[in-house]
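Taken together, the values in this text are just the output of simple stated rules run on the coordinates, not laboratory data. Being a predicted model, the structure only gives us computed values, none of them experimental. Heads up, the Cβs are rebuilt from the backbone with ideal geometry, glycines too, and the neighbour counts pull from every protein chain shown.
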Amino acid sequence: MKAGFTLIELMMVTTIVLILSGGSITAYLNFNKAESVKNDARNLISEIYRVRTLASSLQYPTGCSSLKGYNVTSDALLSGVTVTADCDPDDVIFPAIKLLTGSTFTQAFDITFLPGSGYLTNGADQQIVIKNSNDATVTKTITVGAYGNITSN
């Protein structure tokens, strides 16, 4: 009597291994997409907090004699932001910063913080939605409140 496995038993084990590995690879890829969007959201929130702090602490850039606010806008590529100090006599525009590595903004945005308070100039909450570059169903919404508080879903 010979000990061993039959061809059908080997094929069944191979099929089960392939099904399990396929499911785990799919789960891993979806996890990576979600984590990429979360990381980009954290980077954006950090930058918005930095700009709000510049406005609320009345930090005047060089050449600015009268500060009217700090502005954060999305760039034309929808993957970075441009920060501008609204000043007299001339606005001070800082170099654009590429913040999103695996995501893009779903639409352009323009947020301005008032000097001294860090409140939004328009007095209303603003939402920024970012999505995964490869899968538009993976999104993250960041809300900048009228009083400068920032939350994300």
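Helix 7-56 versus the longest principal axis of the chain: what angle, 0 to 90°, nearest 10, using Cα atoms?
It works out to around 10 degrees.
In deg cm²/dmol, rounded to 500, what helix-only [θ] at 222 nm does the chain give when every DSSP H run of at least 4 residues adds -39500 (n - 2.57) and the total is split over its residues?
Working: 1 runs with 50 residues, N = 153.
Mean residue ellipticity at 222 nm (helix-derived): -12000 deg cm²/dmol.
Based only on other Cβ atoms within 10 Å, what is the fewest-to-most ordering of R52, R42?
Values: R52 23, R42 14.
In increasing order of surrounding Cβ atoms, one gets R42, R52.
Only loop residues by DSSP count here, and only those with at most 11 other Cβ atoms within 10 Å; note down the chymotrypsin sites (Phe, Trp or Tyr not before Pro) in the range 74-149 that meet that. Working shown, then result.
Numbers: sites: F105, F109, F113, Y119, Y147; in loops: F109, Y119, Y147.
When the chymotrypsin sites (Phe, Trp or Tyr not before Pro) of the range 74-149 are filtered for loop state and at most 11 Cβ neighbours within 10 Å, Y147 remain.
Could you work out how far the C-alpha centroid of the range 12-60 sits from that of the range 88-153, in angstrom?
Here the answer is 18 Å between Cα centres.
Given an 8 Å cut-off on Cα distances and at least 6 residues of separation, report the relative contact order of the chain as a percent.
Normalised by residue count, the contact order of the chain is 21 percent.
Is the C-alpha gyration tensor of the range 8-152 telling us rounded, prolate or oblate? Criteria: a/c under 1.5 is rounded; beyond that, a/b larger than b/c is prolate, otherwise oblate. Please report the intermediate quantities before stating the final value.
Working: a/c = 4.11, a/b = 3.27, b/c = 1.26.
It comes out prolate by the Cα gyration axes.
What is the count of Lys pairs in the chain whose alpha carbons sit under 17 Å apart, if the two are 8 or more places apart or on different chains? Walk me through the intermediate numbers first.
Values: K33/K131; K33/K140; K38/K98; K38/K131; K38/K140; K98/K131; K131/K140.
Lysine pairs meeting the criterion: 7.
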